[in-house]
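The values are calculated or read from the model by the stated rules, or taken from the named source; none is laboratory data. Just so it is clear, the structure is predicted and the values come from calculations on it, not from any experiment. Every residue, glycine among them, receives a Cβ derived from its backbone with ideal geometry; neighbour counts consider all protein chains shown. Side chains are part of the model used for accessible areas, which takes the heavy atoms of the whole protein and leaves out ligands, DNA and RNA. Shrake-Rupley method; radii C 1.70, N 1.55, O 1.52, S 1.80 Å.
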Amino acid sequence: MTPLFDRLDAVPTLSAEERQLLDSVKALARDQIMPRAAAYDRAAEFPWDNIRAINALGLNAMFVPEAYGGAGMSYAAYLACVRELSAACASTGIIWATNFHAAKPLIDFGTEEQKRRLLPRVAEGALLALAITEPDAGSDATGMTTRFTPDGDEIVINGGKIFITNGDVADLILLFGKWSEPSANPSDKNGPSDKNGRGSISALYLEKGTPGFSVVRKEDKLGHRASSTAALAFDNCRVPRANLLGEPGGGLALLLAALNKSRPSVAAHALGIARAAFDDAVGYINERRQSGRRIVEFQGIQFLLADLASELAMCEAWLWHVAGLVDAGVADIAVEASILKMRASDLAMRMATEAVQLYGGYGYIADYRVERLLRDAKITQIWEGTNQIHRQLIGRSFIAQG
Ligand SMILES: Cc1cc2nc3c(=O)[nH]c(=O)nc-3n(C[C@H](O)[C@H](O)[C@H](O)COP(=O)(O)OP(=O)(O)OC[C@H]3O[C@@H](n4cnc5c(N)ncnc54)[C@H](O)[C@@H]3O)c2cc1C
């Protein structure tokens with residue numbers, strides 16, 4: 001068979017140490033995480049075994065800088081690990097990736113004191129969550145109503161979040177809300193007349209067990225059934241002001257910068273699902289025979305395979321392109337990240353759908369992994385900005401500024 005994807009996998013320029021870690025992750029994914037995925041999915045049970053195994057490898061440390069107890073590895077190496085874990089178990093992949101999504105803003109925007117206090121815990125294997133979405137603030141996150149009210153050395157939080165990955169298990173939650181003093185941010189040009197309160201969006205870290213914090217419910221989902229998705233409530237929760245990330249009202253810029261790093265990450269996760277579906281489909285149609293021939297020998301099937309393989313190859317090449325930009329320190333990658341997130345997730349959905357089709361009736365049966373991959377793929381088109389929103393962001397970027 002063609003070495004197409006083996007060559008592509010060799011593209012990211014990883015150090016010897018990074019390659020060694022990736023090999024360990026591959027072995028962990030193959031030997032432990034993949035064999036447990038179906039049972040965890042069926043039971044909709046949080047995969048603590050997998051998290052313990054990931055932490056035994058010290059995997060969080062790869063994205064934490066050395067100065068704070070980590071190993072400071074490249075973004076490309078991180079994305080390669082996300083893809084590997086997600087191909088084995090999409091739920092486990094997103095649980096681990098969420099640690100990165102919630103920790104990266106601290107690494108990029110935290111004060112020295114915050115980084116010294118919080119990052120060693122992340123490196124040692126803390127679970128994190130990133131809480132933005134609210135019942136009336138989804139695609140337009142600026143409509144959030146969770147309130148942060150300063151009170152001396154503390155901030156009082158009131159409000160609620162929904163659909164929060166790791167929300168019930170996280171040790172630390174990066175929480176977005178609105179500063180309750182509209183004029184507190186001198187750089188907020190819109191001031192109190194800013195009806196939507198975009199200029200008051202702020203971010204802080206909330207510790208597990210903070211009085212007033214509660215898990216309202218856990219969602220029963222179509223896919224990613226082993227990852228937990230929780231609705232959270234904050235009732236006069238008090239956190240030290242020292243946990244505020246950035247300035248009061250500086251949260252929107254921080255959020256947009258954070259999305260530039262988390263969107264390629266969810267794309268790598270989606271590509272893990274796509275790669276698993278492709279591998280399963282190719283394996284199956286090389287074995288399954290009808291009308292005296294292997295399914296792969298029918299030309300109509302070969303045309304489909306050509307389209308799927310080409311799209312996968314292009315998308316993976318783009319993943320490493322975006323990784324290269326981030327590792328080179330290019331800050332404004334919003335359009336590249338949107339293109340990647342949109343295409344990778346659309347491909348994951350298409351690949352999983354076609355894989356089920358290629359399995360025929362067996363694809364619809366829970367005994368085969370493609371059935372789960374199809375259920376897992378759908379959310380990738382919805383979270384981290386729906387694909388309609390990404391199409392809007394990409395298209396809008398071509399409007400000439402007059
Ligand atoms: C399993 C799961 C895990 C999640 N994890 C997290 C998490 O960890 N943290 C977090 O904060 N959130 C999380 N989310 C929330 C997720 O990011 C939101 O569901 C998503 O942003 C969409 O918001 P919404 O559901 O309110 O849909 P809406 O915004 O109500 O959108 C409904 C539909 O309208 C379309 N639409 C909306 N606006 C426009 C527009 N301007 N133009 C065209 N179409 C538009 C959308 O594309 C969509 O098809 C998670 C959700 C799920 C289901």
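Every residue, every condition in (1) under 18 Å from residue 94 (Cβ atoms); (2) out of contact with any strand residue (DSSP E or B) (no Cβ under 7 Å at 6 or more places or on another chain); (3) within 16 Å of the ligand (Cβ to nearest atom), yes or no:
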position	(1), (2), (3)
315	no, yes, no
318	no, yes, no
333	no, yes, no
360	no, yes, no
367	no, yes, no
379	yes, yes, yes
386	yes, yes, yes
391	no, yes, yes
399	no, yes, yes
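For the criterion of being modelled with pLDDT of 95 or more, open to solvent by less than 90 Å² (accessible area, probe 1.4 Å) and polar (S, T, N, Q), residue 180 fails. Output the residue which, of all residues in segment 215-224 that are more than 10 Å from the ligand (Cβ to nearest atom) and in contact (Cβ under 8 Å) with a residue 24 or more places away in the chain, is surrounded by the fewest Cβ atoms within 10 Å (Cβ to Cβ). Among them, the one singled out is 220.
A single entry from 102, 88, 77 fulfils the requirement of being within 15 Å of the ligand (Cβ to nearest atom) and not acidic (Asp, Glu): 102. Scanning segment 225-238 for residues that are open to solvent by 10 Å² or more (accessible area, probe 1.4 Å) and near the ligand (Cβ under 9 Å from one of its atoms) returns a single hit, 229.
Could you please let me know if residue 167 is surrounded by 20 or more Cβ atoms within 10 Å (Cβ to Cβ) and within 15 Å of the ligand (Cβ to nearest atom)? Yes: the conditions hold for residue 167.
Based on what the data block shows, is residue 267 under 30 Å from residue 320 (Cβ atoms) and away from the ligand (no atom under 15 Å from the Cβ)? For residue 267, the condition - under 30 Å from residue 320 (Cβ atoms) and away from the ligand (no atom under 15 Å from the Cβ) - is not met. Contact annotation: residue pairs with Cβ atoms under 6 Å, 6 or more positions apart or on different chains, pairing a residue in segment 240-255 that is open to solvent by 30 Å² or more (accessible area, probe 1.4 Å) with a partner that is not polar (S, T, N, Q) and not in a strand (DSSP E or B), are 241/153; 246/109; 246/254; 252/198. Being farther than 23 Å from residue 4 by Cβ, over 15 Å from the mean Cα position of the chain (by Cα) and open to solvent by 20 Å² or more (accessible area, probe 1.4 Å) holds for only one residue in 364, 359, and it is 364.
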